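Enquirer: Before anything else, here's the structure in question.
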Amino acid sequence: MLTAIVDYESGNLHSAQKAFERVAGETGAGTVTVTSDPDTVRSADRIVLPGDGAFPACREELFDHRGLFEAIEEAVVHGGKPFLGICIGMQMMATRGLEYRETPGFDWIGGEVVRITPSDPALKVPHMGWNDLVIDHPHPVLEGLATGDHAYFVHSYHFRVADPADRLAHCDYGGDITAIVGKGTMIGTQFHPEKSQATGLRLIANFLAWAP
């Protein structure tokens with residue numbers, strides 16, 4: 001089994017690569033590769049889209065005519081392969097993002113990416129550091145995770161989903177902040193599982209074993 005971590009020049013992928021390689025090695029979940037090659041993405045058994053930075057810049061990198069987005073969509077939407085979006089990779093699943101300017105997303109999960117506006121003015125943006133998850137809906141990739149488990153966040157915008165059924169977990173930061181979304185063979189985390197210690201490693205293991 002091959003898991004492709006998509007490299008579209010959006011942030012340092014080293015920590016994500018190491019976490020996935022570690023879990024795959026421990027669980028016998030096959031090979032992990034970091035790639036910007038559309039053919040490799042298309043042929044992979046599961047796809048991970050990480051990312052840091054602004055929504056418009058990430059979209060431009062993915063839609064720059066290398067064929068990366070087309071390969072991802074062919075594999076996930078048409079091929080039904082498991083997909084995990086991390087941070088900006090999760091936000092790209094939305095209908096649109098409102099960071100700096102309105103920018104279309106993949107429109108895989110209805111909703112929009114909006115700036116965090118905590119009700120408590122003492123809470124700073126970006127939302128950075130550890131926060132407790134609140135599980136909203138069960139899901140195979142969340143097996144073994146529970147409300148109160150900690151995850152590591154770094155972001156100023158969050159995914160406001162159109163259908164509450166698509167929000168699998170949230171956290172509180174002066175109001176609800178979407179932490180995990182999911183639909184069909186797709187799942188996304190706003191937090192960084194590769195930086196979330198036991199919680200993140202469990203989620204990665206579940207994703208690598210997931211057969212939707």
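The values are calculated or read from the model by the stated rules, or taken from the named source; none is laboratory data. Since the model is a prediction, treat every value here as computed from it, not as a measurement. Virtual Cβ from ideal backbone geometry, glycine too; neighbours counted across all protein chains shown. Protein only, heavy atoms only, side chains kept; ligands, DNA and RNA dropped before computing areas. Shrake-Rupley method; radii C 1.70, N 1.55, O 1.52, S 1.80 Å.
Enquirer: When you go through (1) small (G, A, S); (2) on the phi > 0 side of the Ramachandran plot; (3) open to solvent by 30 Å² or more (accessible area, probe 1.4 Å) one by one for G67, which number turns out not to apply?
Expert: Unmet condition: (3).
Enquirer: Condition (residue is free of Cβ contacts under 8 Å to residues at least 60 places away in the same chain, surrounded by 22 or more Cβ atoms within 10 Å (Cβ to Cβ), in contact with a Leu (Cβ under 7 Å, 6 or more places away or on another chain) and within 19 Å of G110 (Cα to Cα)) applied to the range 147-167: is it met by at least one residue?
Expert: no
Enquirer: Return the pairs, sorted by first residue and then second, in which the second residue is polar (S, T, N, Q) and modelled with pLDDT of 95 or more, the first residue lies in the range 197-212 and is within 10 Å of E143 (Cβ to Cβ), the beta carbons are less than 6 Å apart, and the residues are 6+ apart or on different chains.
Expert: Pairs that qualify, where the first residue is within 10 Å of E143 (Cβ to Cβ) and the partner is polar (S, T, N, Q) and modelled with pLDDT of 95 or more, are A205/T27.
Enquirer: Being on the phi < 0 side of the Ramachandran plot and assigned to a loop (DSSP other than H, G, I, E, B) is the filter; apply it to the range 2-39 and report the residue that is most open to solvent (accessible area, probe 1.4 Å). Explain how you work it out, then say what you get.
Expert: Filtering the range 2-39 for residues on the phi < 0 side of the Ramachandran plot gives 2-8, 10, 12-27, 29, 31-39.
Those still in the list that are assigned to a loop (DSSP other than H, G, I, E, B) too: 7-8, 10, 12-13, 29, 36-37.
Values: D7: 51, Y8: 3, S10: 9, N12: 122, L13: 21, A29: 12, S36: 57, D37: 63 Å².
This residue is N12.
Enquirer: Being part of a strand (DSSP E or B) and either surrounded by 15 or more Cβ atoms within 10 Å (Cβ to Cβ) or at pLDDT below 95 (or both) is the requirement here; does A179 meet it? It would help to see each step written out before you state the result.
Expert: On the way: part of a strand (DSSP E or B): yes; either surrounded by 15 or more Cβ atoms within 10 Å (Cβ to Cβ) or at pLDDT below 95 (or both): yes.
It is true that A179 is part of a strand (DSSP E or B) and either surrounded by 15 or more Cβ atoms within 10 Å (Cβ to Cβ) or at pLDDT below 95 (or both).
Enquirer: Shifting gears a bit: Hey, any hits in the range 40-49 for a residue that's more than 20 Å from D107 (Cβ to Cβ) and part of a loop (DSSP other than H, G, I, E, B)?
Expert: Looking through the range 40-49, at least one residue is more than 20 Å from D107 (Cβ to Cβ) and part of a loop (DSSP other than H, G, I, E, B).
Enquirer: For the range 95-136, enumerate the residues that are assigned to a strand (DSSP E or B) and basic (K, R). Show your work before the answer.
Expert: First, the residues of the range 95-136 that are assigned to a strand (DSSP E or B): 96-97, 103-104, 111-115, 127-132, 134-135.
Those that are assigned to a strand (DSSP E or B) and basic (K, R): R96, R115.
Enquirer: Considering the range 40-64 alone, what residues qualify as being of a type outside the set (A, V, I, L, M, F, W, C), at pLDDT below 95, open to solvent by 50 Å² or more (accessible area, probe 1.4 Å) and over 15 Å from the mean Cα position of the chain (by Cα)?
Expert: Within the range 40-64, E60, E61, D64 meet the criteria.
Enquirer: Is there any pair with a first residue in the range 52-69 that is within 11 Å of P104 (Cα to Cα) and a second that is part of a helix (DSSP H, G or I) and open to solvent by 60 Å² or more (accessible area, probe 1.4 Å) whose Cβ atoms are under 6 Å apart and which are 6 or more apart or on different chains, and what are they?
Expert: none
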